[in-house]
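Written out below as structure tokens is the structure these notes cover.
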């Protein structure tokens with residue numbers, strides 16, 4: 001997996017790449033920088049509203065930060081996005097995450 005520095009360099013080349021924002025979010029979350037990770041997941045979703053796993057990890061991160069109501073809203077939006085693009089696997093994982101928060 002690329003490092004945070006490598007991912008930031010990639011973003012300097014293409015700041016509109018949702019996958020790089022998502023990847024950076026993953027690495028920041030591993031480093032315990034949850035607020036920064038959250039911002040990356042948010043940006044990934046802004047750039048690609050159908051990026052289902054960005055919703056998943058944004059919701060998970062919000063829940064870790066004690067923002068359970070917002071986490072539920074984000075996960076529900078991810079479920080809707082997954083269903084729009086007929087990604088049953090992502091939808092089922094998001095539903096499972098949502099149920100785990102209830």
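Values in this text are rule-based calculations from the coordinates and carry no lab data. Computed from a predicted model, the values in this text were never measured in an experiment. Glycine gets a Cβ as well: all are built from the backbone with ideal geometry, and neighbour counts include every protein chain shown.
Taking a ≥ b ≥ c as the square roots of the eigenvalues of the Cα gyration tensor of segment 54-102, is the shape rounded (a/c under 1.5), prolate (a/b larger than b/c) or oblate?
prolate
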Principal-axis tilt of helix 68-84 within the chain, Cα atoms, nearest 10 degrees: 90 degrees
Computed label-point distance, nm, for sites residue 87 and residue 8 using a 7 Å Cα→Cβ extension: 2.8 nm
The chain, relative contact order in percent, only Cα pairs under 8 angstrom and at least six apart counted: 19 percent
Prolate/oblate/rounded call for segment 7-102, Cα gyration tensor, a/c under 1.5 rounded: oblate
Residue 42 paired with residue 76, simple spin-label distance in nm, labels 7 Å along Cα-to-beta-carbon: 2.0 nm
Residue-averaged [θ]222 nm for the chain, counting only DSSP H segments that reach four residues, each worth -39500 (n - 2.57): -25500 deg cm²/dmol
Between helix 52-64 and the chain: long-axis angle, C-alpha atoms, 0 to 90°, nearest 10: 80 degrees
Shape call, segment 1-60: gyration tensor on alpha carbons, a/c limit 1.5: oblate
Selected from 13, 75, 85 as most flexible by GNM, with the chain as the system and alpha-carbon contacts under 10 Å: 13
Rounded to 10°, Cα long-axis angle of helix 34-47 versus longest principal axis of the chain: 80 degrees
